[in-house]
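> Just passing along the structure, written as structure tokens.
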């Protein structure tokens with residue numbers, strides 16, 4: 001490890017610490033806004049460090065940097081404009097959209113880690129397994145969060161949407177996704193199999209959220225938020241980047257706890273929400289005295 | 001390679017535990033800002049897009065870089081700005097904004 005790599009590690013550690021402190025500050029209303037700013041400071045350190053590190057260590061092609069800057073401007077302007085103009089009552093669906101693009105971004109990073117090394121040699125298991133998991137989870141959150149946002153916005157019916165044999169279709173698509181994922185790993189870098197995983201996971205995300213009632217949608221957004229955290233952590237494993245691993249794991253765990261708390265506050269169980277099809281506010285039948 | 005993997009796994013597991021610890025028992029009015037705030041943090045995937053850019057040298061690589069950068073930037077910039085907007089309502093000292101606060105948090 002050179003002195004430069006050590007410095008990068010220290011800066012990543014500093015940004016991770018700021019994420020933790022920021023999240024901690026957000027637990028109380030009086031310090032919450034400062035907490036968010038602390039977390040944003042950690043983000044600035046992480047991104048600037050990565051840019052300097054990438055320029056020094058690998059350089060890269062100017063077209064790739066142009067693509068990065070163009071994409072970041074496009075996404076950044078869209079994000080900030082939406083965030084500034086959204087009505088306060090429409091915030092949950094916007095958060096859901098931001099969560100969707102985060103999952104999609106993580107899937108794209110993993111996909112690149114899979115494709116970029118080229119066809120020669122094959123890909124190590126330590127990379128291919130997190131890549132497949134990332135594309136799987138990231139794609140589910142991408143389509144799932146968009147459907148959840150549609151339900152919150154009222155574009156898609158807030159009623160649970162189910163159809164006969166839905167569960168069988170779910171299981172079938174899940175099996176296809178898993179088999180293609182295993183094949184992608186065994187074949188040491190088969191892009192076609194990874195595309196199958198991507199498409200199957202996108203379908204799975206839609207199928208997972210459609211049966212959920214509109215009132216339960218915020219809980220599902222929170223759950224998908226935790227999913228995105230895990231997807232980002234997997235992207236970190238794929239490209240060996242500690243900032244992504246720490247921040248992703250942090251959000252994955254925090255999001256899961258938050259999901260449980262939200263469900264509890266609404267007197268709903270997370271399991272019954274995920275299994276879906278129970279409808280909005282309909283009690284789970286197991287506790288009812290039937291005779 | 002195994003050493004790197006183990007190091008990363010250790011970081012992953014410990015960060016998971018920190019994540020569990022740091023969000024225990026928060027008031028329900030803060031559920032939405034907390035969700036939004038942690039949503040912004042996973043926008044760190046934009047650092048992954050930067051690394052992708054530094055490694056890309058094929059058209060497929062450029063396209064994936066562009067997609068990753070667009071999506072991640074929307075997540076990270078939008079995420080922090082909207083979280084700040086939500087939290088602005090919490091820091092206003094004693095206005096009659098309690099009802100809007102509760103409305104946004106539901």
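Values in this text are rule-based calculations from the coordinates and carry no lab data. Since this is a predicted model, take the numbers as computed values, not measurements. When we count neighbours, we look across all protein chains shown, and the Cβ atoms used for this are built from the backbone with ideal geometry, even at glycine.
> Which residue fluctuates most in the GNM of chain A (Cα springs below 10 Å): A:71, A:181, A:144?
Of A:71, A:181, A:144, the most mobile in the Gaussian network model is A:71.
> Going 7 Å from the Cα of residue A:163 along its beta-carbon direction, which residues of region A:192-220 have the amide nitrogen within less than 20 Å of the resulting point?
Within reach of a label on residue A:163, which here means backbone N under 20 Å from a point 7 Å along Cα→Cβ, region A:192-220 contributes A:199-214.
> In the P(r) worked out for region A:70-140, what percent of Cα pairs fall beyond 18 Å?
Counting pairs separated by more than 18 Å, the tail of P(r) holds 52 percent.
> Moving to a separate point now. Just want to confirm a number: the relative contact order over region A:88-281, from Cα pairs under 8 angstrom separated by 6+ residues, in percent.
Across region A:88-281, relative contact order equals 28 percent.
> Regarding region A:158-239, what are the three Cα extents along the principal axes, ordered largest first, in Å?
Taking the Cα atoms of region A:158-239, the three principal extents are 43, 30, 13 Å.
> State the dimensionless ratio Rg/Rh of the protein assembly as shown (Rg: radius of gyration of Cα atoms; Rh: Kirkwood radius).
0.97
> Residue by residue through A:32-42, how many Cβ atoms from other chains fall within 10 Å of the Cβ on average?
Whole-number average of other-chain Cβ neighbours for A:32-42 is 6.
> Cα centroid distance between region A:243-260 and region B:5-23, in Å?
Between the Cα centres of region A:243-260 and region B:5-23 lies a distance of 9 Å.
> For region A:88-281, what is the convex hull volume of its Cα atoms per residue in Å³?
Value for region A:88-281: 107 Å³ per residue.
> Work out the FRET efficiency for residue A:13 and residue A:85 from their Cβ-Cβ distance, taking R0 = 35 Å, and round it to the nearest 0.05.
About 0.45, to the nearest 0.05.
> If I model a spin label as a point 7 Å beyond the Cα along the Cα-Cβ vector, how far apart are those points for residue A:179 and residue A:206 in nm?
So the two model labels end up 2.1 nm from each other.
> Now a separate question. Looking at chain A as a GNM with Cα springs under 10 Å, which of A:96, A:39, A:30 has the largest mean-square fluctuation?
So, out of A:96, A:39, A:30, the one fluctuating most is A:30.
> Continuing with this model, one more query. Springs between alpha-carbon atoms under 10 Å, Gaussian network over chain A: tell me which of A:69, A:140, A:257 tops the mean-square fluctuations.
A:69
> Here's something else I'd like to know. So what's the gap between the Cα centers of region A:54-68 and region B:43-83, to the nearest angstrom?
Between the Cα centre of region A:54-68 and that of region B:43-83, the gap is 13 Å.
> Here is a follow-up. Based only on Cα atoms, what mean projected area does the convex hull of region A:1-49 have, in nm²?
Over all viewing directions, region A:1-49 projects a mean Cα-hull area of 3.0 nm².
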